[in-house]
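*Asks:* Structure provided below as structure tokens; questions to follow.
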Amino acid sequence: MAEEQNKKPCRFWIWASASVVFRLILISFPGNLNLSSRPEVSTPLTSIRRLAEGYWLKQASMSPYAGSMYHGSPLLLSVLGPLTVQRIKGQPSHLLCSLVFVIADILSAMLLRGIGQKLQMAYGLNARLLGFLKSSRDKVILPCGDIAALVYLWNPFTIVSCVGLSTSPIETLAVILALFGAVTRRVPLAAFGFVMATHLSLYPATLAIPMIILLGYGLDAPPIKLFLQTRSVENEKSSTSTVTKQAKSKQTTHLPFLWKTVMHFLFWVLLWSLYVLVLCALSLNKYGGVEEMFKRTYGFILSIEDLSPNIGVFWYFFAEVFDFFRNFFLIVFHVNVLFMLLPLAIRLKHRPCFLAFVYLAISSILKSYPSVGDSALYLSLCALFVNELVDMKFSFFLFCGYLGISLLSPVMHNLWIWRGTGNANFYFGNAIGYACFQIVFVVESVSAMLNHDRALRRSSSNHGEVNS
Amino acid sequence: MASLVRSWIPLLILQSFLVAVAFGSKEAEQFSEALLLKPLPDRKVLAHFHFENRAPPSNSHGRHHHLFPKAISQLVQKFRVKEMELSFTQGRWNHEHWGGFDPLSSMNAKPVGVELWAVFDVPQSQVDTSWKNLTHALSGLFCASINFLESSTSYAAPTWGFGTNSDKLRYGSLPREAVCTENLTPWLKLLPCRDKDGISALMNRPSVYRGFYHSQRLHLSTVESGQEGLGSGIVLEQTLTVVLQPETTSVETNMQPSWSLSSLFGRKVVGSCVLAKSSNVYLQLEGRLGHESKNVDTEIEAHKLWKNADFDLSLKPDRVLRESSGLLFIFDIDKSSDSEPFDLGLNWKLPSKWSCQQAPLQASRFLMGSGNERGAIAILLKATESQEKLPGRELTDGRCTIKANIFQIFPWYIKVYYHTLQIFVDQQQKTDSEVLKKINVSPSTDKVSSGMLEMMLELPCEVKSAAISIEYDKGFLHIDEYPPDANQGFDIPSALISFPSHHASLDFQEELSKSPLLSSFKEKSLVRSYTEVLLVPLTTPDFSMPYNVITITCTIFALYFGSLLNVLRRRIGEEERFLKSQGKKTGGVKQLLLRLTAKIRGRPIEAPSSESPAAESSFLSTKLIFKIILIAGAAAAWQYFSTDK
């Protein structure tokens, strides 16, 4: 048993380092295997080529946002910008940037592992509390941290977006950092990650809800009702049974909401966002300041000005839709991201990490400029819930779908753009398929999680009945 | 008709003279016409029509003009145009054979289509408005779609790359504009004699448009009088440059074709335009230095110049002028008449060969890359043979250098990555600091403004070739933004290469202030050349798809919203209850169906129970009707309020 325990982390490290070596091999290829030109990998927001252009413009004492090229954060520009210019002789250009992305990927994987370990512990604790583990001894808790980290590191989407010179590994790192901070209750870290993620790509702003729940109520757990039920059963049975301290604290029908931590978090969010804004204002001092930044980054995201193809469905829609209805559809589509926030939060409030995963998945479907990097993030977050989602339906079908789309998408793009034998509908059809698979994935995972809770309730009530 | 006009003309002159005397103005409006003919080394003939119309600065005329076109003076007054040039061009100037270092080519070799630039005399904030109004006025005046230059995506404000340093300069070009007679006719209308008389009578439309190159240019500049109270004078210069291929019967391929005016244009000159102050025809022969002696004073030697072993002219020139690179024969056409029309001919007797003086570097531009996603534009500068002989080289830090300015406008859908600018000199990549002396970039903004690139290169004199490449992404446009022939592609306007330290001028060493053509040649003009227009194919969306795309995308959203909400809404207890109730209901429905089938079959079974569904249905229908009325009312109210606004 102990040997196995030792073996597993060892195997994890082997696989993790293998993935890093794989990345290093890939980035040493000249021309980055042309991945940086793939629309699936680099969007107008994440393309490093545009970042280099922004940096060049800034060096030429022009606004980096002049010329509708760069739409990212000015902070990223000052960090990554100098790296795009420096070249090591004999090495492919942008090698330094690629190294930064590899490091970001490793950090994300480690943080994911940390989150996973916490979640695993919480899962075990809860299962024991509910008396769920005793009854089914043979059921092993999977090490979801290691699995998630490996899924993240070996996901082709992650590898492609890391090697393909897009800034999405850094956005991913910020999101995972926020979640990690919230899971480990490091409030300033969580606030920093949250502010950075929102600053970099706007959509993680929706994470505010799961993070507040996470900080207020604690980690993912089965619904509170179950605990009460179990306790009442246990009380009925005998008062001499050993009850853990945590169970004792849950005497009331409602879980205590830690207002103090949440206010602490909000305070730090305010502080960090002020800090970031001041930094941005300083770096854009001569070029229109923060106002220009908001207009060129968030404004660009929200108004969908760039109609170049990507794996989302918006580009073609807004290339085709009549100008008269443009604003209407812009509002409708963006509101769709927000519409489901509240219902999901109500239904999944006991599972904030899972809620965060669902929010990220939804925003990656309905994003203005999605890339495979976003999918990589939510897919690896999904791996955190392997214990809960074992009974997920259509998983093989979805796997085949993702595989098919990722194989077909370059083909269709090639047919349309390079060969000219296909037309835009080929690629758009692909994007529609991708959106459908993602939707099915989100819906099925939510449904699997709810079913899991249902099964827990049923089994615990059965358990109680059996005991009584 | 012609005789009638001719009989009227002296009267008109008399009248204008009287008016001029009456107003007591020192300078009268002047009009002069000239035609320059020049055989080209590649067996073609260049004909350059030059008309100059001067309105002196005066306040006495008010808005009245005798010779000067009223439309132009109104234009100048209304939009406060300081200087303006408009050109309509078809065909491409062959710098190699037709010359690149003489005033003729640097002024008249224009990019294909329409090119317009103007300097305004208005405050900086009003320049753009003036430009927009000017484009509309010109578009009406010349029957061309110059008004397309109104949009800010099609013009630029060059700072120094264009050669004219002014912050009130605007430049725009329309490469795809087709140029034809409908543009020439309004242009001719500005001449006092139109094409009825004088040199302009030669402009036979089929022969002009049959040429390899024709460029019709209108240049106007205002001359400040310097005196208080006087307005500004206007100089209007109209030129038409045509390159024609004379029809030849000779079988010898190296023999230059002989031609005459009537064989080139199908017409002859019958008298000058009476309103013109001077009307001359010039014949320029290049590379004839070997034949001439130092002085042409004697009659015999002069005769030798135009009738010799190589060629002879059909008419005796009035004067012969020499220049460093060739001869210039001057003919006065005042003497010609109906009975004795002016028909200049050049008859070659021996094969002859010469070459034109070329610009130090010859520019060409091309696209690189394939596919509809990205590409690169390359400008190639090749050293010409005549480069070493040229004046204008500069010594900086002990090195001999050639300066070259590159001015390029990029439409916004060509998204240029300026950081990818690469400069190769003699196939070796150079860093920016080595050769790039100055650079000015104004990046394009999507759907708002076009991009502009101005560069000053400083190349070593012994350079063989220099190449500049810059990468770009192709933009994706909204379906409304594509032109009707979307698959033809989009044009990138010509780049302008100019050599700021080289100036072309032809000095004939004579006081010829009378002839505006020669004095314009005498002025030092910047050596410039335009590159080719590039055609960039852009990806098109499916133009027939808007409805499909809208419906399919909305379906995706419905799928997302509906299925997710359905999953969230379901609860176990409710589910069981729902299942139970559904089981009951299906039973009811089955019964109902059974009853209905029974009714259809005509077997009255279970009569008492058939009453309740009927009542239910009627109840349902009233509910439905109520709903419909409610919705209709809401719609009517909405309609009422929305139309009220």
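*Asks:* Could you run through region A:418-432 and say how many residues are in a helix (DSSP H, G or I), surrounded by fewer than 16 Cβ atoms within 10 Å (Cβ to Cβ) and not basic (Lys, Arg)?
*Replies:* Keep residues of region A:418-432 that are in a helix (DSSP H, G or I), which gives A:418-419, A:424-432.
With surrounded by fewer than 16 Cβ atoms within 10 Å (Cβ to Cβ) added as a condition, the list becomes A:418-419, A:429.
Filter once more, keeping what is not basic (Lys, Arg): A:418, A:429.
Residues flagged as in a helix (DSSP H, G or I), surrounded by fewer than 16 Cβ atoms within 10 Å (Cβ to Cβ) and not basic (Lys, Arg) within region A:418-432 amount to 2.
*Asks:* Restricting to region A:441-461, count the residues that are more than 8 Å from every other protein chain (Cβ to nearest Cβ) and either within 22 Å of A:Ser380 (Cβ to Cβ) or of a type in the set (Gly, Ala, Ser) (or both).
*Replies:* 10
*Asks:* Could you list, in sequence order, the residues of region A:311-322 that are over 19 Å from the mean Cα position of the chain (by Cα) and either surrounded by 15 or more Cβ atoms within 10 Å (Cβ to Cβ) or assigned to a helix (DSSP H, G or I) (or both)?
*Replies:* Answer for region A:311-322, where residues must be over 19 Å from the mean Cα position of the chain (by Cα) and either surrounded by 15 or more Cβ atoms within 10 Å (Cβ to Cβ) or assigned to a helix (DSSP H, G or I) (or both): A:Val313, A:Phe314, A:Trp315, A:Tyr316, A:Phe317, A:Phe318, A:Ala319, A:Glu320, A:Val321.
*Asks:* Quick check on this structure: which one of B:Glu150, B:Glu85, B:Glu115 is without any contact (Cβ under 8 Å) to a residue 24 or more places away in the chain and of a type in the set (D, E, K, R)?
*Replies:* B:Glu150
*Asks:* For region A:372-387, does any single residue satisfy the condition of being under 19 Å from the mean Cα position of the chain (by Cα), surrounded by 21 or more Cβ atoms within 10 Å (Cβ to Cβ) and within 14 Å of chain B (Cβ to nearest Cβ)?
*Replies:* Scanning region A:372-387 turns up no residue that is under 19 Å from the mean Cα position of the chain (by Cα), surrounded by 21 or more Cβ atoms within 10 Å (Cβ to Cβ) and within 14 Å of chain B (Cβ to nearest Cβ).
*Asks:* So if I check each of A:Ala361, A:Ala356, which one is closer than 25 Å to A:Glu40 by Cβ and touching a Pro at 6+ places or on another chain (Cβ under 6 Å)?
*Replies:* A:Ala356
*Asks:* In region B:526-566, what count of residues is obtained for those that are more than 8 Å from every other protein chain (Cβ to nearest Cβ) and in contact with a Lys or Arg (Cβ under 9 Å, 6 or more places away or on another chain)?
*Replies:* Qualifying residue count for the region: 8.
*Asks:* Pull up region A:421-435, narrow it to residues that are more than 7 Å from chain B (Cβ to nearest Cβ) and not hydrophobic (A, V, I, L, M, F, W, C), then point me to the one that is farthest from A:Phe317 (Cα to Cα).
*Replies:* If we take residues in region A:421-435 being more than 7 Å from chain B (Cβ to nearest Cβ) and not hydrophobic (A, V, I, L, M, F, W, C), then A:Thr421 is farthest from A:Phe317 (Cα to Cα).
*Asks:* Working only within region B:320-335, note down all residues that are assigned to a strand (DSSP E or B), touching a Gly at 6+ places or on another chain (Cβ under 8 Å) and over 9 Å from B:Leu285 (Cα atoms).
*Replies:* Answer for region B:320-335, where residues must be assigned to a strand (DSSP E or B), touching a Gly at 6+ places or on another chain (Cβ under 8 Å) and over 9 Å from B:Leu285 (Cα atoms): there is none.
*Asks:* Quick check on B:Glu340: is it away from chain A (no Cβ under 14 Å), surrounded by fewer than 19 Cβ atoms within 10 Å (Cβ to Cβ) and either more than 28 Å from B:Phe311 (Cα to Cα) or at pLDDT 85 or above (or both)?
*Replies:* no
*Asks:* Restricted to region B:523-539, and to residues that are assigned to a strand (DSSP E or B) and of a type in the set (S, T, N, Q), which residue is farthest from the chain's Cα centre (by Cα)? Walk me through it before giving the result.
*Replies:* Initial filter on region B:523-539 (assigned to a strand (DSSP E or B)): B:525-530, B:534-536.
Still in the list and also of a type in the set (S, T, N, Q): B:525, B:529.
Details: B:Ser525: 21, B:Ser529: 14 Å.
So, considering only residues that are assigned to a strand (DSSP E or B) and of a type in the set (S, T, N, Q), the one farthest from the chain's Cα centre (by Cα) is B:Ser525.
*Asks:* Okay, moving on. Considering only residues that are at the interface with chain A (Cβ under 9 Å from one of its Cβ atoms) and crowded, with 21+ Cβ neighbours inside 10 Å, look in region B:408-417 and name the one that is nearest to B:Leu380 (Cα to Cα).
*Replies:* Among those residues, the one meeting the criterion is B:Val416.
*Asks:* Let me ask something additional. Quick one: which of B:Ile479, B:Ile497, B:Ile470, B:Ile439 is under 29 Å from the mean Cα position of the chain (by Cα) and away from chain A (no Cβ under 12 Å)? So that I can check it myself, show each step before the final result.
*Replies:* Numbers: B:Ile479 fails: away from chain A (no Cβ under 12 Å); B:Ile470 fails: away from chain A (no Cβ under 12 Å); B:Ile439 fails: away from chain A (no Cβ under 12 Å).
Only one candidate qualifies: B:Ile497.
*Asks:* Further question: Run down A:Phe300, A:Phe329, A:Phe325 and say which single residue is within 30 Å of A:Tyr152 (Cα to Cα) and either within 13 Å of another protein chain (Cβ to nearest Cβ) or part of a loop (DSSP other than H, G, I, E, B) (or both).
*Replies:* Exactly one of A:Phe300, A:Phe329, A:Phe325 is within 30 Å of A:Tyr152 (Cα to Cα) and either within 13 Å of another protein chain (Cβ to nearest Cβ) or part of a loop (DSSP other than H, G, I, E, B) (or both), namely A:Phe300.
*Asks:* Just name the residue that is surrounded by the fewest Cβ atoms within 10 Å (Cβ to Cβ) out of those in region B:460-491 that are outside any loop (DSSP other than H, G, I, E, B) and out of contact with any strand residue (DSSP E or B) (no Cβ under 7 Å at 6 or more places or on another chain).
*Replies:* To start, the set of residues in region B:460-491 that are outside any loop (DSSP other than H, G, I, E, B) comprises B:460, B:465-474, B:479-481, B:486-488, B:490-491.
With the extra rule that they be out of contact with any strand residue (DSSP E or B) (no Cβ under 7 Å at 6 or more places or on another chain), the set shrinks to B:479-481, B:486-488.
Values: B:Ile479: 20, B:Asp480: 9, B:Glu481: 16, B:Ala486: 17, B:Asn487: 11, B:Gln488: 12.
Here the answer is B:Asp480.
This table checks each residue for (1) at pLDDT below 90; (2) away from every other protein chain (no Cβ under 14 Å); (3) under 30 Å from B:Pro443 (Cβ atoms).
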site	(1), (2), (3)
A:Ala18	no, yes, no
A:Val21	no, yes, no
A:Ser28	yes, yes, no
A:Arg50	no, no, yes
A:Glu53	no, no, yes
A:Ala66	yes, no, yes
A:Thr84	yes, no, yes
A:Asp105	no, yes, no
A:Met110	no, yes, no
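*Asks:* If a residue must be of a type in the set (Phe, Trp, Tyr) and over 30 Å from B:Ser449 (Cβ atoms), how many such residues does region B:402-423 contain?
*Replies:* 0
*Asks:* Being within 13 Å of chain B (Cβ to nearest Cβ), within 19 Å of A:Arg38 (Cα to Cα), among the aliphatic types (A, V, I, L, M) and assigned to a helix (DSSP H, G or I) is true for just one of A:Leu415, A:Leu408, A:Leu403. Which residue is that? So that I can check it myself, show each step before the final result.
*Replies:* Working: A:Leu408 fails: within 13 Å of chain B (Cβ to nearest Cβ); A:Leu403 fails: within 13 Å of chain B (Cβ to nearest Cβ).
Unique residue meeting the criteria: A:Leu415.
*Asks:* While we're here: Among the residues of region A:49-61, are any closer than 29 Å to A:Trp418 by Cα and assigned to a loop (DSSP other than H, G, I, E, B)?
*Replies:* No, because not a single residue in region A:49-61 is closer than 29 Å to A:Trp418 by Cα and assigned to a loop (DSSP other than H, G, I, E, B).
*Asks:* Looking only at region B:186-207, decide whether some residue is in a strand (DSSP E or B) and under 15 Å from B:Glu85 (Cα atoms).
*Replies:* no
*Asks:* Consider A:Phe101 against the criteria (1) within 19 Å of the chain's Cα centre (by Cα); (2) surrounded by fewer than 24 Cβ atoms within 10 Å (Cβ to Cβ): it satisfies all of them except one. Which criterion is unmet?
*Replies:* Every listed condition holds for A:Phe101 apart from (2).
*Asks:* Determine whether region A:337-344 contains at least one residue that is part of a helix (DSSP H, G or I), surrounded by fewer than 22 Cβ atoms within 10 Å (Cβ to Cβ) and either facing chain B (nearest Cβ under 8 Å) or touching an Asp or Glu at 6+ places or on another chain (Cβ under 8 Å) (or both).
*Replies:* yes
*Asks:* Follow-up. Being touching a residue at least 12 places away in the same chain (Cβ under 8 Å), more than 30 Å from B:Val567 (Cα to Cα) and among the hydrophobic types (A, V, I, L, M, F, W, C): is that true of A:Met412 here?
*Replies:* Numbers: touching a residue at least 12 places away in the same chain (Cβ under 8 Å): yes; more than 30 Å from B:Val567 (Cα to Cα): yes; among the hydrophobic types (A, V, I, L, M, F, W, C): yes.
Against the criterion (touching a residue at least 12 places away in the same chain (Cβ under 8 Å), more than 30 Å from B:Val567 (Cα to Cα) and among the hydrophobic types (A, V, I, L, M, F, W, C)), A:Met412 qualifies.
*Asks:* Which count do you get for residues in region B:235-267 that are part of a loop (DSSP other than H, G, I, E, B) and within 28 Å of B:Pro103 (Cβ to Cβ)?
*Replies:* Summing the residues that are part of a loop (DSSP other than H, G, I, E, B) and within 28 Å of B:Pro103 (Cβ to Cβ) in region B:235-267 gives 6.
The values are calculated or read from the model by the stated rules, or taken from the named source; none is laboratory data. Model, not experiment: these values are computed from the prediction. With ideal geometry, Cβ positions are generated from the backbone for all residues, glycine too; neighbour counts draw on all protein chains shown.
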